[in-house]
Amino acid sequence: MVADQSKSSSGKFVWFVVIVAAAGGAYYEWPKLFPKAAPTTAQAAPPSVPVTAIEAQKTDFPVFLEGLGTVQAYNTVTVRTRVDGQVTKIAFKEGQMVAKGDLLAQIDPRPFQAMLDQAVSKKSQDEATLANSRADLARYSSLAKESFASLQQLDTQKAQVSTQIALVASDQASIEGAQVQLDYTTIFAPIAGRTGFRLIDEGNIVTAAQQTGVVTIAQLQPISVIFTAPENDVVRINEAQAKAALEVIAKSSDGTRTLATGKLETLNNSVDAATGTVRIKANFDNADNALWPGLSVTTRLKIGTLNDVVVIPDEALQRGPDGMFVYVIGGDGKADMRKIVVSNDADGHAVVAKGVEAGERVVVTGQYRLQPGTLVAINAPAAGAAPAASAH
């Protein structure tokens, strides 16, 4: 047993010696097999980052207040009959443009013509009686002077003449009333505008008391837009309106297409306490009928112009935890991160109140690869990328 243990220990020792010798040989032979690369004397320069940049420009910048509005007819009239009768004629087509005074409908005039003729005849009868009473009064006056008629008879005749005069005046009033009723049988357009759907057909009986009209007319030229503005802007709008008429632009509901340009008419006389907004009315000529009653539009109310301000494209603006910033390219071709203050923003451009000066180049594309001090390579702006001033 002792001999086996000694033999085992000797074997382990021999293997240990062999491993140590092999490791030493490898250590001395490794540089010959795998020589080290020669150390470089200078590090390679980092590549520049391609970006697009535009110069900040000093220009005039219009200030707009944007809102949502609804187109409303300048005037809307529901035409109703003012007399009872049968509709004998409809003289308009649905959707027709009519002028003030155009014929719209006719009601059977014969009953009203008969009433007028009766009133005229009654007046003629009473005028004949009046003429006879005046002749009697003249005779009684002559007889009374010669004491052939009493004063009582004379006074009675004078009273009769006065009564007849009153009757003739009443007859004249009846004639005028009957003429008015007859005139009401012919229905004319009270305003110029576009007719809607016909609300009554020929042959129907209509009454002055019924709520259903004949047709509704909407005045489209001019036309109005009702929109709202925050109560905080009321003072600014009033101050601007006191200086000059304010321009209002009406655009499609998605804001992509300009429909019409008009003028601010008035602000409502109170602010809605529930919404904190004030209703505003603007009028448009609407010669091409681009605006239609009930249409939803976006509005832009121009309340002034900022003169000689620094303007940059919106694409240059970046937002970080400390607020807005842009990357400005310095004379050494490196990007510098600048914190900025934006006072106004419209039409894809922003007014920089602090942080960038006119003539400095701001990065508009490629910012996501930049860090302060990054070397940049400036690409030419894409076609259609107009400088800030051209938008105004």
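The values are calculated or read from the model by the stated rules, or taken from the named source; none is laboratory data. Computed from a predicted model, the values in this text were never measured in an experiment. With ideal geometry, Cβ positions are generated from the backbone for all residues, glycine too; neighbour counts draw on all protein chains shown.
Within region 285-306, being within 16 Å of Leu68 (Cβ to Cβ) and assigned to a strand (DSSP E or B) holds for Ser296, Val297, Thr298, Thr299, Arg300, Leu301.
Candidates Leu306, Leu301, Leu317, Leu295: the one that is within 29 Å of the chain's Cα centre (by Cα) and closer than 16 Å to Gln371 by Cα is Leu317.
Within region 256-268, the set of residues being within 25 Å of Asn232 (Cα to Cα) and surrounded by fewer than 12 Cβ atoms within 10 Å (Cβ to Cβ) comprises Thr266 only.
When you look at Ala73, is it in contact with a strand residue (DSSP E or B) (Cβ under 8 Å, 6 or more places away or on another chain), of a type in the set (A, V, I, L, M, F, W, C) and either surrounded by fewer than 17 Cβ atoms within 10 Å (Cβ to Cβ) or modelled with pLDDT of 95 or more (or both), yes or no? When the stated conditions are applied, Ala73 passes them. Within region 277-306, the set of residues being at pLDDT below 90, touching a helix residue (DSSP H, G or I) at 6+ places or on another chain (Cβ under 7 Å) and hydrophobic (A, V, I, L, M, F, W, C) comprises Ile303 only.
Do we have Thr195 as out of contact with any Ser or Thr (no Cβ under 6 Å at 6 or more places or on another chain), farther than 30 Å from Asp288 by Cα and β-branched (Val, Ile, Thr) here? It is false that Thr195 is out of contact with any Ser or Thr (no Cβ under 6 Å at 6 or more places or on another chain), farther than 30 Å from Asp288 by Cα and β-branched (Val, Ile, Thr). Scanning region 287-299 for residues that are out of contact with any Gly (no Cβ under 8 Å at 6 or more places or on another chain) and crowded, with 17+ Cβ neighbours inside 10 Å returns Ala290, Leu291, Pro293, Leu295.
Asp136 passes every criterion in (1) in contact (Cβ under 8 Å) with a residue 12 or more places away in the chain; (2) closer than 30 Å to Thr186 by Cβ; (3) part of a helix (DSSP H, G or I) apart from (2). Taken over region 269-285, the criterion of being over 13 Å from the mean Cα position of the chain (by Cα) and over 21 Å from Asp233 (Cα atoms) is satisfied by Asp285 alone. Just to be sure, is Gly304 exposed (fewer than 12 other Cβ atoms within 10 Å of the Cβ) and in contact with a strand residue (DSSP E or B) (Cβ under 7 Å, 6 or more places away or on another chain)? No: the conditions fail for Gly304. All of Ala229, Ala260, Ala274 fail the test of being among the aliphatic types (A, V, I, L, M) and in a loop (DSSP other than H, G, I, E, B), apart from Ala274. Against the criterion of being touching a helix residue (DSSP H, G or I) at 6+ places or on another chain (Cβ under 6 Å) and either part of a loop (DSSP other than H, G, I, E, B) or among the β-branched types (Val, Ile, Thr) (or both), Ile175 qualifies.
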